[in-house]
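Input: a single structure, listed below in structure tokens.
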Amino acid sequence: KDFGATEEMVEQKVEQALEKKVDDEFPVKVSHGSKGFKLESRDGLWSTNLGWRAQMRFTNPYRSDPRNVDDFAIPGQSDAQNTFELRRVRMKIGGHGFAPWLGYYFEVDLQPTRDSGDGGANASSRVIDWRITIDKYEQLGLRIGQWKIDYNRERVDSSGRQQFVERSIVNRNFTIDRQMGAQLRGRLF
């Protein structure tokens, strides 16, 4: 008899049984989906999604969106320039804990921030969204934290789901950005 082949079969069976046991009994399931990497407890009481997103922009001949008459240069002149920027670099972490209706979410902007008139020298990464949402009942829920308020559609939509590279140029001047607070929410009737 060929004992080498039998030994190989036994090793394969042991390896398969071990893999099945680890898959069945390891307390955390790991997967990847549309929201990034997902870590989830076997009982479904804990879940975390971890995702990253970047938005890059190349411009020519202007450095950014022209906002003044003087900003409009004639292409081909000496002030024309190529520019490549990382517009957004974000890390998003969200999920639920203790129960599926007790959710959490936070988003970190890893790209140094800048205001309309500021340079980037004093900028730093920051937490831009953080919230806890209690949605046990469809009719009534509670959200506490900081997020984009439901003021206008242009702000609420994620920049990752926009059809154009940027929001409108007037958005900076007329926006009500992320706010801290509490919100009662739900669907009545």
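Before moving on, here are some points about what is shown:
- Spin-label model distance (nm) - Lys29 vs Glu138, 7 Å beyond Cα toward Cβ: 2.4 nm
- Accessible-area value, Lys21, 1.4 Å probe, nucleic acids and ligands omitted, Å²: 110 Å²
- When Asp129, Asp24 are compared by accessible surface with a 1.4 Å probe, the order from highest to lowest is Asp24, Asp129.
- At the residue level, Asp23 shows approximately 90 square angstrom of accessible surface with a 1.4 angstrom probe and all protein chains present.
- For Glu19, the solvent-accessible surface with a 1.4 Å probe is about 100 Å², rounded to the nearest 10.
- Once backbone amide H atoms are built at 1.01 Å from N, Asp129 has Glu107 as its partners under 5 Å, excluding neighbours fewer than 5 places away on the same chain.
- Taking Trp52, Trp101 and ordering them by how much accessible surface each has at a 1.4 Å probe, largest first, produces Trp52, Trp101.
- List Arg185, Arg178, ordered by accessible area with a 1.4 Å probe, largest first: Arg185, Arg178
The values are calculated or read from the model by the stated rules, or taken from the named source; none is laboratory data. Everything quoted here is computed from the prediction, not taken from an experiment. Glycine also receives a Cβ, built like all others from the backbone with ideal geometry; neighbour counts cover every protein chain displayed. What goes into the accessible areas is simple: the full protein's heavy atoms, side chains included, and nothing from ligands, DNA or RNA. Shrake-Rupley method; radii C 1.70, N 1.55, O 1.52, S 1.80 Å.
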